[in-house]
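The values are calculated or read from the model by the stated rules, or taken from the named source; none is laboratory data. The structure displayed is predicted, hence computed values, not measured ones. Cβ: placed from backbone, ideal geometry, glycine included. Neighbour counts: every protein chain shown.
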Amino acid sequence: MNIRRILATTVVAAVTAPAALLSVSPALAAGAKPAAQAQKPTYEDLKKAAADAAKAYDAANKAYADQRVLLEKVMSDDAPEAKAFHDARDAAVKAKEARTAADKAVTDAKDRLAALPATATPEERATAEKAVTDAETAARAAAAAQTAAEAKQKSTGDALDDLRIDTARTYGQLTKARDAAQKTKDAADAALKAAGECLWQSSVTSELKGLPAQVVAGTTVDFSFRVSNGAGRTLDVNPLFFVHTAQGKAQWLDGNVWKELPDEPSIVAPAKGVAAGSTIEVKVRLTVDAKAKAGKGDALIAGNASDAYNPCILGPMTGYKFTVLTAGSKTDGEAAKPQPGKDKDRPKPSSEPAAGGSTPTAQGGAATTPLSTGTAKGALASTGSSSAVPGLALAGGAAVVLGAGAVVATRRRKAADRT
């Protein structure tokens with residue numbers, strides 16, 4: 001039984017380790033101060049805690065399931081220990097019957113000796129006396145055999161009781177350990193989910209510079225988008241950008257190479273380690289086909305970002321509209337005017353930037369060192385327990401009660417047998 005006790009202790013210790021981290025890790029809140037964040041677990045810490053809690057739960061659940069199988073075996077009459085007790089009990093019953101018969105044989109022999117007539121010969125009396133002596137010897141042997149059989153019945157019965165009680169006790173401990181592991185896992189998953197919720201950060205601002213309100217077919221216009229980190233802490237910036245017109249092509253400058261932009265809102269030129277107060281700027285150009293008809297165009301820019309504590313930070317989204325004029329037309333020279341973007345136009349941040357490349361230059365503040373390009377953090381695979389877990393928990397609790405009842409009943413039955 002010591003091995004099972006050690007196993008139960010090990011599982012309990014394993015499942016409480018992630019809980020220690022979570023107990024001092026309040027959920028991240030919007031607008032938290034950078035100094036307060038230093039005392040919180042990072043998103044990577046929470047990912048590790050969730051993974052560790054999942055492993056601990058799996059181990060606890062397996063230990064619980066294995067012990068449940070063992071409990072069912074030892075509670076069965078087919079268990080080797082149960083069979084040994086039943087055999088000993090049957091042997092004790094036979095030994096008692098044999099002693100009763102031997103005692104009766106002594107009584108009968110004495111009765112025959114006492115019934116001899118006065119005329120009995122010495123030989124007849126000697127034979128009757130020997131019969132009494134032989135019967136008494138057999139009775140003493142039967143009594144000793146009965147004592148030994150009852151002792152064996154008691155020892156095998158006690159061993160069976162101890163095994164069943166110890167197995168049921170360990171099962172109860174492992175049930176509690178499994179339930180504790182489930183709670184720890186749920187708490188770790190909830191903390192990770194809360195930290196992964198998108199945080200609105202109005203101070204991560206963005207704008208387009210140089211986009212005209214009117215673009216003439218057959219021309220190319222150069223402009224740029226800018227994202228400024230006013231959050232008061234260093235962020236990884238993942239600009240969400242989009243520009244579109246029916247018969248045009250948009251490109252952005254990646255180092256010295258112009259790359260085409262996707263025809264949908266995408267992460268463009270992600271930048272790691274953008275210091276507080278710094279701005280990144282990316283050059284863009286839009287070319288409209290010379291045969292393009294008069295029409296409309298759209299652009300939007302938003303400062304998606306992340307840090308060690310929040311994988312999803314969303315700055316305000318700004319939209320721009322412009323008009324496409326036919327070839328040879330004159331423009332009014334006005335710049336496209338910014339308009340607040342609509343949430344429905346904002347795609348969910350993806351795990352990988354759609355148009356990555358070399359890093360844009362940070363401007364302003366003290367951060368003028370070139371920044372390294374990175375990718376957005378990938379989404380964690382969803383994990384969780386089976387929907388059958390609550391039912392198993394209830395069944396497990398019932399098994400403990402039934403097992404304890406069976407042990408008590410067995411003891412009472414054996415006590416009655418021994419009386």
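For Gly248, state whether it is assigned by TED's automatic domain parsing to the domain that holds Val288 and either more than 37 Å from the chain's Cα centre (by Cα) or in contact (Cβ under 8 Å) with a residue 40 or more places away in the chain (or both). Answer is yes for this residue.
Listed conditions (1) touching a strand residue (DSSP E or B) at 6+ places or on another chain (Cβ under 7 Å); (2) under 29 Å from Tyr43 (Cα atoms) are all met by Glu197, apart from (1). Taken over the stretch 157-212, the criterion of being over 30 Å from Asp87 (Cα atoms) and basic (Lys, Arg) is satisfied by Lys176, Arg178, Lys183, Lys185, Lys193, Lys209. Of all residues in the stretch 68-87, those that are assigned by TED's automatic domain parsing to the domain that holds Ala168 have Cβ atoms under 7 Å from Cβ atoms of residues that are polar (S, T, N, Q), 6 or more apart or on another chain, in Leu70/Thr167; Leu71/Thr167; Val74/Thr167; Ala82/Ser76; Ala84/Thr156; Phe85/Thr156. In a helix (DSSP H, G or I), touching a residue at least 24 places away in the same chain (Cβ under 8 Å), surrounded by fewer than 17 Cβ atoms within 10 Å (Cβ to Cβ) and aliphatic (A, V, I, L, M): is that true of Ala187 in this structure? Considered against the rule, which asks whether it is in a helix (DSSP H, G or I), touching a residue at least 24 places away in the same chain (Cβ under 8 Å), surrounded by fewer than 17 Cβ atoms within 10 Å (Cβ to Cβ) and aliphatic (A, V, I, L, M), Ala187 comes out as no. Only a single criterion out of (1) within 23 Å of Lys154 (Cβ to Cβ); (2) over 53 Å from the mean Cα position of the chain (by Cα) is not satisfied by Ala109, namely (1). Quick check on the stretch 146-166. Is at least one of its residues over 30 Å from Ala91 (Cα atoms) and surrounded by fewer than 20 Cβ atoms within 10 Å (Cβ to Cβ)? Taking every residue of the stretch 146-166 in turn, none turns out to be over 30 Å from Ala91 (Cα atoms) and surrounded by fewer than 20 Cβ atoms within 10 Å (Cβ to Cβ). At least 2 residues being of a type outside the set (S, T, N, Q) and at pLDDT below 95 is the threshold, and among the helices (runs of 4 or more DSSP H) wholly inside the stretch 1-97 those reaching it are 2-23, 34-37. Among the residues making up the stretch 118-136, a single one is more than 30 Å from Ala98 (Cβ to Cβ) and surrounded by 11 or more Cβ atoms within 10 Å (Cβ to Cβ): Ala120.
Scan the stretch 135-186 for residues that are closer than 29 Å to Val69 by Cβ and among the small types (Gly, Ala, Ser) and the total you get is 8.
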